[in-house]
Amino acid sequence: MFLYLDIFLVPNTKSALMWFFNNSSSTKSLFSTVFELPANIEDIDAQKEIIFNVLLNNALIIKSDSDQYMITDLGRDFLRHIGYLSN
């Protein structure tokens, strides 16, 4: 599974996952407002929407009952796998 995610997820998506790790229980709106992408990307809002949906659809983040999103255990394990977190 991690091999697939490592190939499938682009660097900006991996950075977004790390952002959710560092900003636990964040709203989608906060992510869209605060998470930064490189300036050379066209239609930043659309790219953030795509990144968010990829993380959600691959169960790397999950929505809580209070409409906040947090990283899942799978998300944490993946960050460890790619070296973003120490074991």
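The values are calculated or read from the model by the stated rules, or taken from the named source; none is laboratory data. These figures come from a predicted structure and were not determined experimentally. As a convention, Cβ positions derive from the backbone with ideal geometry for all residues, glycine included, and neighbour counts pool all protein chains shown.
In table form, for the structure just shown:
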| quantity | calculated |
| --- | --- |
| Among (1) under 18 Å from L3 (Cα atoms); (2) assigned to a helix (DSSP H, G or I); (3) not β-branched (V, I, T) - the single one L85 does not satisfy | (2) |
| Restricting the stretch 1-33 to residues that are modelled with pLDDT of 95 or more, closer than 24 Å to R80 by Cα and among the aliphatic types (A, V, I, L, M), the residue that is surrounded by the most Cβ atoms within 10 Å (Cβ to Cβ) | L17 |
| Test: A46 is without any contact (Cβ under 8 Å) to a residue 40 or more places away in the chain, of a type in the set (G, A, S) and within 23 Å of N87 (Cβ to Cβ) | no |
| Qualifying positions in the stretch 36-77 - closer than 15 Å to N12 by Cβ and assigned to a helix (DSSP H, G or I) | I44, D45, A46, Q47, K48, E49, I50, I51, F52, N53, V54, L55 |
| Subset of the stretch 49-87 that is among the polar types (S, T, N, Q), closer than 15 Å to F20 by Cβ and without any contact (Cβ under 8 Å) to a residue 24 or more places away in the chain - its residue that is surrounded by the most Cβ atoms within 10 Å (Cβ to Cβ) | T72 |
| Any hit, the stretch 74-86, residues being at pLDDT 95 or above and either of a type in the set (S, T, N, Q) or touching a Pro at 6+ places or on another chain (Cβ under 6 Å) (or both) | no |
| Residues being among the hydrophobic types (A, V, I, L, M, F, W, C) and without any contact (Cβ under 8 Å) to a residue 40 or more places away in the chain - total across the stretch 17-43 | 8 |
| Any hit, the stretch 55-71, residues being polar (S, T, N, Q) and closer than 20 Å to L5 by Cα | yes |
